[in-house]
Amino acid sequence: MTTASTTAAAYWEPLWFQGRRYRQLDNSENRLLEKHLGAGRGRPALDIGCGDGSLSRHLTQLGYRATGIDCSPSAVALAAAQDLGPGRVPVWQCMDFTTDDLGALPEPAYAVITCRLVFRWIDDKAAFLDRVRRLLVPGGTFWVVAEIAGRRPAATDPALLALGIPPTDAELLTTGWSVVRTADLDVLRCYALRP
């Protein structure tokens, strides 16, 4: 197991340890995921910032060999504790995708890489995207779910208004891919990006 970088872990670990929970997958998001990713057929998938593991488990249900990574040991422990016994379960690993050695991952490349509600928190987004591209197989899909700035009602808590990615980050995210497909879910935008 690799160790998470101290900066990211120092922020996220106390939140997960104290029992903080984040937006769960719903049927609409699951349908979009299935539409854009399709059946896994045993191909490898990497879930960056897996949190409680719900997306990683869903990828496994779709037939992917999923690996869920998170910089928070408490999040990884929570994800692993929810495995339901024998059968196909994701591999759980504590690591910071932005700084740790990618060679420590169980696969050299992935058919699907997911990043749900994480992109906004990445400091060096260009370097992050370069690392994703190095791990994505030709014809693979990078699935990103991000809140879009300005979508919350004006009466929303001001702290929540800052959660969305601005147009400049959305442009950086979608530049350089041969296929860019998007779908909107309330304040979220889902991106299916292919090299």
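For the reader, a short list of remarks on this structure follows.
- Only protein atoms count toward the accessible area here, which uses a 1.4 Å probe; on the chain, the carbon and sulfur part of that area reaches 56 percent.
- Look at [x] 32, 23, 14; [y] 23, 21, 18; [z] 57, 16, 14: the one that is semi-axes √(5λ) of the Cα gyration tensor in Å derived from this structure is [y].
- Result for the chain in a Gaussian network model with C-alpha springs under 10 Å: among Trp143, Trp177, Trp12, the largest mean-square fluctuation is at Trp177.
- Gain upon complete extension [Ser28, Asp83; 0.36 nm per residue less C-alpha separation]: 17.5 nm
- Counted by Cβ distance under 11 Å from Leu173, the other residues give a net charge of +1, where Lys and Arg count +1 and Asp and Glu count -1.
- Selected from Ile165, Ile113, Ile48 as most flexible by GNM, with the chain as the system and alpha-carbon contacts under 10 Å: Ile165
- Based on C-alpha pairs under 8 angstrom that are at least 6 apart in sequence, the chain has a relative contact order of 19 percent.
- Amide H contacts for Asp52 (H built 1.01 Å from N in the peptide plane; partners 5 or more residues away or on another chain; cut-off under 5 Å): none found.
- With protein chains left intact and a 1.4 Å probe, residues in the chain average 48 Å² of accessible area per residue.
- Exposure of Asp52 as accessible area (Å², to 10), given a probe of 1.4 Å and all protein chains: 20
- Among Leu78, Leu173, Leu185, the residue with the largest mean-square fluctuation in a Gaussian network model of the chain, with springs joining Cα atoms closer than 10 Å, is Leu185.
- Unit charges on C-beta of K, R, D, E only; dipole of the chain, Debye: 640
- Global form of the stretch 46-111, assessed from the alpha-carbon gyration tensor, a/c cut-off 1.5: oblate
The values are calculated or read from the model by the stated rules, or taken from the named source; none is laboratory data. Note that this is a predicted model, so its numbers are computed, not measured. Note that each Cβ is placed from the backbone with ideal geometry, even for glycine, and that neighbours are counted across all protein chains shown. Ligands, DNA and RNA are stripped out before the accessible areas are found, and what is left, the full protein with its side chains, is counted by its heavy atoms. Shrake-Rupley method; radii C 1.70, N 1.55, O 1.52, S 1.80 Å.
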